[in-house]
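Just below is one structure, and these are the notes that go with it.
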Amino acid sequence: MDYEKLTVVMRRLALQAGERIMEIYDADDFDVKVKSDASPVTEADETADALISAGLRAEFPGVVLVTEEQAESHSEKAETFLIVDPLDGTKEFINRRGDFTVNIAYVENGIPTRGVVYAPAKGRMFLTLADGSSVEETGDLAEDTMGPTTPLRVADADNGALMVVASKSHRDQATDDYIGKYAVKDMTSAGSSLKFCLVATGEADLYPRVGRTMEWDTAAGHAVLHGAGGRVVRFDDHTPLTYGKDGYANPFFIAHAPGVDLKPA
């Protein structure tokens, strides 16, 4: 894989998709449909998916592409592939809360090694560079030219005073029970894959997810966190979370800075 090209293409497609998403978001109204699994989908999901998929297939025709909105892609089997969630946080989008993201990732041998997480309503862009390190891009986020970047690095966690991030839309008693095993200094909430990015920036130390997710929900954020020195492990046995699983479904997991002393499930 040409990682320089991959970075440029993923970033450009995320920005283009974000622009289309925001056009729909800023409109007076938009249609919301319900998929077969009872999750919502909007015109923004579908428009962004079409744009990103066409761009990736044109630039990387030999690479398997898995995307949330194309059910036929979910039967693809590969250890190395591109994976897309064109609008992660659809509930945040519908409720106009702003915490939604465009997610594009490249998985190699079951590990997300490159990714882009773009939050268009917040103007925040997190991505891996060609060398695999992660940055947050600042500035005007011009489509053709990358602006100034800030290197991302996980925090040196203080196990006596951890910062924890949890989901806005999926918080439950099981999550609270697990968080209760730690000495927590403070907690914050965020939608979509931004939770991974808060660990990557050092704004949080720990993000436990005791609930259903799919690989397209997590791969880009996982790649960004990985490039910042963080880890994502299974909730049950703390082994690394891998990708390319049957149906692209994830087990429960924990994203964390390496210094966190993980508690048993």
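The values are calculated or read from the model by the stated rules, or taken from the named source; none is laboratory data. Source: prediction; values computed, not measured. Note that each Cβ is placed from the backbone with ideal geometry, even for glycine, and that neighbours are counted across all protein chains shown.
Figures for the structure shown
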| item | result |
| --- | --- |
| Only one of 89, 123, 98 that is buried (at least 22 other Cβ atoms within 10 Å of the Cβ), on the phi > 0 side of the Ramachandran plot and small (Gly, Ala, Ser) | 89 |
| Subset of the stretch 156-176 [within 28 Å of residue 85 (Cβ to Cβ) and either surrounded by fewer than 20 Cβ atoms within 10 Å (Cβ to Cβ) or not hydrophobic (A, V, I, L, M, F, W, C) (or both)] | 167, 168, 169, 170, 171, 172, 173, 174, 175, 176 |
| Residue in the stretch 210-217 that is touching a Ser or Thr at 6+ places or on another chain (Cβ under 8 Å) and part of a helix (DSSP H, G or I) present | yes |
| Residue that is farthest from residue 201 (Cα to Cα), among those in the stretch 130-153 that are of a type in the set (A, V, I, L, M, F, W, C) and within 16 Å of the chain's Cα centre (by Cα) | 135 |
| Scan of the stretch 60-72 for residues that are within 20 Å of the chain's Cα centre (by Cα) and more than 15 Å from residue 106 (Cα to Cα), ordered by number | 69, 70, 71 |
| Tally, over the stretch 56-101, of residues that are among the aromatic types (Phe, Trp, Tyr), modelled with pLDDT of 95 or more and touching an Asp or Glu at 6+ places or on another chain (Cβ under 8 Å) | 0 |
| Unique match (being outside any helix (DSSP H, G or I), in contact (Cβ under 8 Å) with a residue 24 or more places away in the chain and in the same structural domain as residue 137 (by TED's automatic domain parsing)) among 62, 18, 98, 55 | 98 |
| Some residue of the stretch 20-31 being farther than 26 Å from residue 225 by Cβ, within 20 Å of the chain's Cα centre (by Cα) and modelled with pLDDT of 90 or more | yes |
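Condition check ((1) outside any strand (DSSP E or B); (2) not charged (D, E, K, R)) across all residues:
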{"residue": "103", "(1), (2)": "no, yes"}
{"residue": "126", "(1), (2)": "no, yes"}
{"residue": "131", "(1), (2)": "yes, no"}
{"residue": "136", "(1), (2)": "no, no"}
{"residue": "141", "(1), (2)": "yes, yes"}
{"residue": "146", "(1), (2)": "yes, yes"}
{"residue": "153", "(1), (2)": "yes, no"}
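Residue-by-condition table, conditions (1) in contact with a Ser or Thr (Cβ under 8 Å, 6 or more places away or on another chain); (2) of a type in the set (Gly, Ala, Ser); (3) surrounded by 24 or more Cβ atoms within 10 Å (Cβ to Cβ):
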| position | (1), (2), (3) |
| --- | --- |
| 65 | yes, no, no |
| 109 | yes, no, no |
| 128 | yes, no, yes |
| 133 | no, yes, no |
| 137 | yes, no, no |
| 146 | no, no, no |
